[in-house]
Each structure stands twice: as structure tokens, then as C-alpha cells.
1. Using the crude model of +1 on Lys and Arg Cβ and -1 on Asp and Glu Cβ, and no other charge, please compute the dipole size for the chain relative to its Cα centre, in debye to 20.
2. Among 435-443, 352-360, what's the highest-first ranking by average C-beta atoms within 10 angstrom per residue?
3. If each residue of separation counts as 0.36 nm, what is the full-extension length gain between Y250 and R299 once their alpha-carbon separation is subtracted?
4. Once the other residues with Cβ under 13 Å from the Cβ of V498 are scored (Lys, Arg +1; Asp, Glu -1), what is the net sum?
5. Mind giving me the FRET efficiency for Y407 and E45? R0 is 51 Å, r the Cβ-Cβ distance, nearest 0.05 is fine.
6. About the Cα centre of region 451-604, what is the dipole size in debye to 20, counting +1 per Lys and Arg Cβ and -1 per Asp and Glu Cβ, all else neutral?
7. If I take every Cα pair under 8 Å that is 6 or more residues apart in region 28-142, average their sequence separation and divide by the length, what percent do I get for the relative contact order?
8. Averaging over every viewing direction, what projected area does the convex hull of the Cα atoms of region 94-200 cover, in nm²?
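Derivation of every value follows stated rules applied to the coordinates shown; laboratory data play no part. Quick caveat, the model's predicted, so the values are computed rather than measured. Positions of Cβ are backbone-derived with ideal geometry, glycine not excepted, and every protein chain shown enters the neighbour counts.
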Amino acid sequence: MVDRIVDWAVVREAVGAGRLSVVMPVYNLAGEIGTNIARTARLFEEHHVPAELVVVDDGSFDSTAFEISCAICERYEGVEIKSVLMVKNGGKGAALKAGFAASTGEFVMLLDGDLDIHPEQTPCFFEALLRSQADVVVGSKRHRDSVVQYPWHRRIVSWAYFTLVRFFVGLPITDTQTGMKLFRREILSEALARMLVKEYAFDLELLAIARQRGARIVEAPVVIRFGTKFGALKPRTVIAMAKDSLAVFYRLRILRYYAKAPAPTAPKGDLKFSVVIACPGRSWMLDECLSGLQEQTFRNFEVIVLPDEDVDLGRAANGFDLKTIPTGKVRPAEKRNIGIEAASGDVVAFIDDDAYPDVRWLEYAVRYFGESSIAALGGPGVSPRGDSFMAEAGGRVYSSPLVSGGYRYRYEAGGVCRDVDDYPSCNLFVRREVLKEIGGYRTDFWPGEDTLLCKDILDAGYRIVYDPWVVVSHHRRPLFAPHLRQIGRYAFHRGYFVKRYPSNSLRIAYFLPSMFALYCAGLSVFCLLPVPSMLKAVAVLPLAVYLFLAALASFSFNPLMWILVFLGIVLTHLVYGVHFLVGLLASRAPCEFIGTDHASCLKK
């Protein structure tokens, strides 16, 4: 049985003069986290194991953070307690990455903060590690020596998930989800640097990466007594788990992404960011953006706001240097060039005023600027929670696979790290010296200035990369009129660029909506002709297939949202298709100013 006596000397011998790092992610555990921290700290103190407890509060909305701060005040011989507070809930993956970054030990144990698996089982994990000369030890509910008491329905779900994991991923273990794991630091560092999943399949991806990169993984028995606190799994959770797990399989077996993905190269010295925000004036969205910058974990940055006229930002600059430079009513490209001239940072971070950054936006970005070939970095602009119903619908249209296709990574926090040739300025980092070299933004187009900036960066011989962890939340135009006006402008300039700047615009995907629009126009005429019904039915078949796919891609449990997104997808394709053709045939492109549908002008 797992509760057999194992000498803690095996732990002390392995740790030696170093210390064991225990990373504990917690979420809404106010009623028990203080006690659990004390139990864990006293355990290591009693057995004379040098340790640090890194407790990560993943954006709890109860008093968990307060309980952690009280626990830190306690002192234990040889045991240090650290806290990492996530401002917003980012998922287990984000929490563990943040905890690992704050840790220092040669061995790192991941331990769920609810202590369903008590840390008194630590010696069994070290014994398995040393006996097998392993790199990773995973607690397994299916180990023959494990003692597990948990509901029958959870057993069924666990068995089904294990079967799928074993078949698709091929890990040499029987359990991936148990909340206690032991890693050698270098292995965990390599794996976390390549992690993409933030939530449900985090454990699976972490172990899959470690395995593919040569780590030896073994299992240890555990004692788990869940009792009755686990209810039924929600359908959304099951679907999300399955989706994330299949994504891990695709990246592991089809793309072989983990085997070849390089880890980011962080700069050796201090690096400073200049955050540039072009905007018409002050708005609640600009205040929201500045508030997000106040919460950044990486603190070496300045902010440059570029409104049309001078504005008083009051206390918005609490915690960072803020410059406000009135520019007059000029295009965003001209505003950003003024910001580049005023910037003192090594890297200029462009963000729109209708977007706000994740708390670790700058922290995740800085890792890439140690490699001189990388001049620019982009990340997803996800639709924020709390937007209006119609704005949420607009966001779902953008992130639909039928609308964005292979470019969905711009609108969802997912996908793999990759090199890109075009990226929008709502979330774009560029080295200041490269911006100086290429002359900044071209000022003769809006929109489309960011496409030309990326073209100039690539033409100068540099790379632009994308990282799904470098996230901002970007408010969308609501359906239908504001959304379709924006789509029309984007489509016109893309069509115009196809013939004038084809290097990063001549893509078959951009032509597809126009082909659909021409097909619809031709079909409406064809159906009026005196032709046999069978021919008409054949001609209508592609439209029927398209409408079925659009309905599938727009599915929502809310019927009204389903209908709106469905109509939004169809109208987006038609509007984009028509305006793309107009731009393709145009002899010149108009220069436009920011219109009244700028997102920051919308009511909260």
C-alpha cells in the first residue's frame, strides 16, 4: 500500500544543499488554503527538507488572496512561503507557469492546493525518481498500490479519458490528471517554454512535451479520498477537455510541433518597452487599457498616449511613466510614428485604445527579444467578457473558422507559435531600432498600414513571430452596421494591396469571399432562366452546403446568438467579397480618417 513508511532521508539526500520547490495553484479556496499551506510547511519543517512553497492564486474572487497573505506571515525553519497573485483567472496552465517562474529549486513539485493528495507522500515520489533514474514522476490513481475513493461517475469519465489518451498520445503512464507531479527543473523548464494549453488539457500537454523531448516518466502510487465534493461534469467542460486534448494530439503526432519548437531566447540585459496607444481622445476603453497596464507583472515600461487633443488622464498613470502627446486629427499611422519618435524603450508595443492587455502581456513578450533575427511579435486579440450582446456576436463572427480560417489565431488565444508575415497593430511589438531602420509606418493608407509595416520588416530581412500567450482583449464592433463597415474597409484595402503589394497579401483565402459573392450573383440570375429544375437544384447545392456549414460554425446554446452569428457570417462574406473586388479593380485607394464607429466611441 502507498501508506507504507518511506524514509524522508531519500528526499533530503536528493535535494542536498538546494531546496524543493512546491508550486500550489489555488482558486477560490478561502476556507482551507491557510490551513493547507500551514500543514505543508510544517511537514517539510518537521522532516528537515529545505523547501519553498509557491502559492499561486489564479484570480480568486473570494478571500483566498487574503488567506494566503496571512499564511506568508508565519515563519518555518528551512521553509519559505511565496505568493503569486493572478489578477484574472487564466487557467491552471497560466498559474503553474507563473509559479514556476517564481520558483528556484532543482526539483519542482506540482501540488493542487486543496491537498486531495497530501504532501506526506513526497518520499514515494522521490524514491520512484531515484530508483528509475527518471525525470518526471506522476501520481497515478491506477497504480496497483494506490488507495482511491471517488465517485463511480468520475471513474467512468477517468477511464474513458485515459483510454483516449493512451490511444492518441501514447504516454507510458496510466494517469495524467492527478494533482501531484515531481519534475527535475530543467525538464519542466523545457516543457513549460513550449506549452500552449492554459486550461483543461494542461497536464496532458505538459507530459506529452516532456516525453517527446526525451524525458523519462514513471508513476508513483497515491492515496486520494475525494469524498462527495465532486459533482457531475458540465457538458461544456467535457467538450473543452476533448477539444484541448485533440489539439495536443494534432500538435504532437501530425505537426510534431513540440519536437521542433524552439524555446524563446530572453534578452541578456534589461529591456524596456514603450507602449504606444493611438486614440481619438479619452474614453472608458482607454481608461480600461491603462488600468490593464498598471497591473503588468513586468514593470520596465513607459506609456505614450496620442489623442487628437490634449486630455487629462488624471490618476490613470499610477505606477508607470505616462506621456500624452496631442497630434491633431491625423491617421493612426501618423500618430504611431509620433509615438515612435518619442519612445525611449528598446521595443515599441502597439496596442489599440479599445483593447486591454493580459496581466503578463509584457512578461511573456520580453522572452522573444534575445534573438536578433526577431524584429516583431504579435499575439491574439480575444473578445473580452462583458461586452454587449451584439458585440459578442461580432466577436464570434471574427473567430469563426468559416470567416477567419487559418487566421483564427489572431482572434483566439490558441494555436501554435509560428512565423507570420502580417499582423495587426492592436497587439504588436517591434524593435525600435528596426522601426527607425524602415522609417516607421507608411502614412498613405488606413486601414492597411500595419500590413505594409510587416511587409517592410520582412523585406529588411527580419522575422515576425506569433505567441498565443501574449494576449490582449479587444472589443469588437457590434453586429451589424459597425461590424460590416469595418469589414468593408479591410476588404477594400486587401484587394488593393493584392495587386500593389502582393508579397503578404496575395493569398487564395482572400479571394474566396469574392468567389462566393460572384456565385450568389450568378445563381440569382441563373434561377430566373427557363432551365430544367434538375439543373437549378444542382446549381443551388453548393449554396445549401455553405449554409449548412455556416449554421454549424455559428452554433450556440443561445438560439438568438446562433441566428445572429449565422447571419453575420453570411453577410461578412458577401460584404468582404464585394469590397475586395472593388479594391482589386480600383486605380487608387482613398485616405481615410478614424470614423464614428471607432470602438472607443461605443457606449459601455
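1. On the way: 69 positive and 65 negative charges, 438 e Å.
Magnitude of the dipole: close to 2100 debye.
2. Values: 435-443: 18.1, 352-360: 24.1.
With the highest mean Cβ count within 10 Å placed first, the list reads 352-360, 435-443.
3. Details: separation 49, 0.36 × 49 = 17.64 nm, distance 3.65 nm.
Separation in residues times 0.36 nm, less the Cα-Cα distance, equals 14.0 nm.
4. On the way: positive: K455, R494, K499, R500, R507; negative: D422.
Residues close to V498 contribute a combined charge of +4.
5. Details: r = 53 Å, r/R0 = 1.04.
So the FRET efficiency works out to roughly 0.45.
6. Working: 14 positive and 5 negative charges, 39 e Å.
Dipole of region 451-604, to the nearest 20 debye: 180 debye.
7. Working: 133 pairs, mean separation 32.1, N = 115.
With pairs under 8 Å counted, the relative contact order is 28 percent.
8. On the way: hull surface 30.4 nm².
So the Cα hull casts an average projection of 7.6 nm².
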